[in-house]
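Let me begin by presenting the structure, written as structure tokens, before commenting on it.
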Amino acid sequence: MDFTLKGQDKKSKARAGEIQTAHGVIQTPIFMPVGTVGSVKAVHFNDLKNDIKAQIILGNTYHLYLRPGLDTLEQAGGLHKFNGWDLPLLTDSGGYQVYSLSGTRKMKEEGVVFQSHIDGSRHTFTPEKVMDIQRVIGADIMMAFDECTPYPCEYDYASKSMGLTHRWLKRCIDQFDSTESLYGYPQALFPIVQGSVYRDLRIQSAEEIASYGREGNAIGGLSVGEPIEIMYELTELVCSILPENKPRYLMGVGTPANILESIALGIDMMDCVMPTRNGRNGMLFTSEGLINIKNEKWKNDFSQLDPNGMSYVDSQYTRAYLRHLFQAQEMLAPMIASVHNLNFYLWLVGEARKKILEGTFTEWKNKMVKQLTHRL
RNA sequence: GGGGAGAUACCAGAGCGGUCAAAUGGGACAGACUGUAAAUCUGUUGGCGCAGCCUUCGGAGGUUCGAAUCCUCCUCCCCCCA
């Protein structure tokens, strides 16, 4: 994996770059659709590639390990072969599940014992095992196994958790560096900065993570419910410490406005379930603001989903029709909304990239953020 | 024509003398959703000057301290037999 900076905004920390992987080039800043179980929910790869123009998608170690399981993934020849997605792939390590499944899991120094959310069976994830699983999945970018701390989080807990994440990172790196890709192409390992909302911990963690000089670095443990200003403040702080010549990945972010603000702070990669999950629940992110398409006000609105929308669904379907599909609980409804939202997200980061290269990013960003948070 | 059963909030449908402004579904309306335990979850759904009051359970009377619940008549619907 290789990262090249192509341009830098003058009034902010925003930058445009290019990541080379075995499965193709990623132009940054980039938004990565989430495909937890090897599928971006409700969206065909055809739409994902040709309409949405996704350049990289996520998969999830925990979910793929449970289903379909390592045996199937290895026999398939990795996730790329299994699901047919031949562009870059990034897998999250299960660190987020340490957070979101906190009720059914036990933390230890050695690792985490999970109870499967599917059948209740117990499974142990150690840093070594998580590396091995991601080797089997064959993602171009693998994530270190971490603990994503919740919000709010006591300083003492945040500090201890960060220490554990750092010790686990060392073990991840050892395991990663002493094993090889199973399918003949290189994989990269991104470490993750933790430290909750505490500046001193974030500084300490960022310095530790930066010291390994891996091919890219991630910021985790944000967008878990903390005030958005705190998220920005910490993102800015951590970006100032992470190396400039490596991509920075802000995990789990966010709303369209969050994405533009994060780019302005020096973030290159982001992922979030929001365009797909909120889309399935009837929320559209458009160039003019937010739409809850289930609202009565759209009942007889025969205008297109987003007048400036670039997706074929924007001109193919009207707001009234999409509302009808949601009312009738047709499966086409979440499909249309997901395609629209993802197309919009990818359009947004593509525009951001253009503006950075043109040198007009900050003005454009400030104007966009106002529009994007407006409720229609 | 004879026999039986029933009319409850937007719909379906409990309730069968006080604890009922009325269970439960559905629908409708609104909100939430940030490295996906999510095609999920939550709230509201008679009115108001809203810890209280007012008008509601087909219609009109009646019994009772008190009626959606009991009685009388009326109207309308459903089922079976002819």
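The values are calculated or read from the model by the stated rules, or taken from the named source; none is laboratory data. All values reported here derive from a predicted model rather than from experimental measurement. Glycine gets a Cβ as well: all are built from the backbone with ideal geometry, and neighbour counts include every protein chain shown.
In segment A:272-285, the count of residues that are within 11 Å of RNA strand B (Cβ to nearest atom), surrounded by fewer than 24 Cβ atoms within 10 Å (Cβ to Cβ) and among the basic types (Lys, Arg) is one or more. The residues on offer are A:Ala158, A:Ala139, and the sole one that is farther than 20 Å from A:Asn60 by Cβ, in contact (Cβ under 8 Å) with a residue 40 or more places away in the chain and of a type outside the set (D, E, K, R) is A:Ala158. May I ask you to verify whether A:Glu128 is under 16 Å from A:Arg202 (Cβ atoms) and away from RNA strand B (no atom under 14 Å from the Cβ)? So A:Glu128 fails the test. Only one of the numbered conditions (1) under 19 Å from A:Ile228 (Cα atoms); (2) more than 15 Å from RNA strand B (Cβ to nearest atom) is violated by A:Leu290, and that is (2). Among residues of segment A:282-294 that are small (Gly, Ala, Ser), those with a Cβ under 8 angstrom from a residue that is within 12 Å of RNA strand B (Cβ to nearest atom) and not in a strand (DSSP E or B), sequence gap 6+ or separate chain, pair up as A:Gly282/A:Ile293; A:Gly282/A:Lys294; A:Gly282/A:Phe326; A:Gly282/A:Ala333; A:Gly282/A:Ala337; A:Gly289/A:Thr373; A:Gly289/A:Leu376. Among the residues of segment A:137-163, which ones are part of a helix (DSSP H, G or I) and within 11 Å of RNA strand B (Cβ to nearest atom)? If the condition is that a residue be part of a helix (DSSP H, G or I) and within 11 Å of RNA strand B (Cβ to nearest atom), then A:Ser161 is the only one that fits.
Of the candidates A:Ser240, A:Ser303, A:Ser311, the single residue that is touching a Ser or Thr at 6+ places or on another chain (Cβ under 9 Å), among the polar types (S, T, N, Q) and modelled with pLDDT of 95 or more is A:Ser303.
Put simply, of A:Gly213, A:Gly266, A:Gly225, A:Gly184 the only residue that is at positive phi and touching a Lys or Arg at 6+ places or on another chain (Cβ under 7 Å) is A:Gly266. Inspection of segment A:59-75 identifies no residue that is over 26 Å from A:Pro275 (Cα atoms), charged (D, E, K, R), buried (at least 16 other Cβ atoms within 10 Å of the Cβ) and at pLDDT below 95. Consider segment A:88-111 and keep the residues that are surrounded by 23 or more Cβ atoms within 10 Å (Cβ to Cβ) and not polar (S, T, N, Q). The one that is farthest from A:Asn60 (Cα to Cα) is A:Pro88. Under the condition of being within 25 Å of A:Pro33 (Cβ to Cβ) and touching a Lys or Arg at 6+ places or on another chain (Cβ under 8 Å), the residues counted in segment A:66-113 number 3.
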